[in-house]
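Below: the structure, in structure tokens.
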Amino acid sequence: MAFLFNRNFEIKVDQGNKPPLDLTGLHTRFSCEKTAESSPDIIEVEIFNLSKDNINKIQLYGDTISLSASYGKTELEVFASGDITSAKAAKSGVDRATKINAADGVIAYTESTFNGTSPKDDNGSVIINSLFSALTGQFVNRRKSKLHGKQLFLSSSIAYKLGLNLGLATSQLPGTITPEIPFSGYNRPTAVFGLTAENLNNICARFGLLWTIDNSMVDVFSVNGDNGDFPIEVNNSTGLIGEVELLDNGGCEFTTLLNPKLKPLVGVNVKSLNTMGKYRIIKAVISGDTNGNDWYTKCTCDNPYGLLEFPLFDNYGTA
């Protein structure tokens, strides 16, 4: 665990059946862009002066990397993880820098395929269940005859939320949801095949749903909804830096100290000089440097709630 300015940081590479490779303690720079879309979040990491042995160990497509952070004595929390897509070492002045590119769930997203048929009068629930279950399989690197890519898991609340959004009384994953509202698009058996992710994109869009991969966890949301948790407070006492920028679409942008809990489709209560109200994060860009000052989360938000005030403040966070 690395400490600087009361910050804690940990970086590890998971290599399947081998013990995780702990790279904590070396000078590390990182950035991660997380969005409210299903496409994998992109992670870029630069580690300085890794040993040649460790460089060789992480140059395996499909191994997974995870980054965690916290403050003081609080427990570390993962803010970015993904399947490694490339790793390359090169000289950077007097140092040797190893650049690692990864993406959250990219192996499952690009390699999971589906071949099935929706039953007659399926309201969408049966086929969506089947697609989500297919996405959580494990995938074999044919060249090396070994499993690769981090296995995805379904959020514990996904079945409940699917039930609500499809207008159903009960729902369970994996398994079949009893249809109550027939969906005319599947009034007869329909073949569904191809990439699992593409099929999920198409079918969820028809129901007004979003699905995401976040730190290997698959979840689903209403297009105008959030994760359903209590909104996170964003103000000067919780790490807000500078002023909140108001956007023409009714949303806003703000920057805080790195906070693993600030991520897409999370509700936030923002309190600053120029706005006070609830927003929904649709993009979060996380960046940091273990040997420098960069340690931020920059959020872009929309406002599907319509709950805003525009007070005049004497100073940040107090009326």
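Summing +1 for each Lys or Arg and -1 for each Asp or Glu among the other residues whose beta-carbon sits under 12 angstrom from that of N8 gives -1. Applying both filters, DSSP loop and at most 12 other Cβ atoms within 10 Å, to the chymotrypsin sites (Phe, Trp or Tyr not before Pro) of the range 1-91 gives F5. Each Lys or Arg adds one and each Asp or Glu subtracts one; over the other residues with Cβ under 9 Å from the Cβ of N303, this totals +1. For the set K52/K298; K88/K278; K99/K263; K12/K298, the pairs lying more than 32 angstrom apart at their alpha carbons are K52/K298; K88/K278. For every other residue with a beta carbon closer than 13 angstrom to the beta carbon of G251, add +1 if it is Lys or Arg and -1 if Asp or Glu, then tell me the sum. Result for the local shell: -1.
For the range 232-309, the calculated P(r) over all alpha carbon pairs, in 10 Å bins from 0 to the bin holding the longest distance, is 20, 57, 19, 3, 0 percent. Estimated at 0.36 nm per residue, the fully extended path between V285 and D53 surpasses their Cα-Cα distance by 80.4 nm.
Convex hull volume of the Cα atoms of the range 2-104, normalised per residue: 115 Å³.
FYI, it's all coordinate maths here, none of it is from the lab. None of these values were measured; they are calculated from a predicted model. Cβ atoms come from the backbone with ideal geometry, glycine included; neighbour counts cover every protein chain shown.
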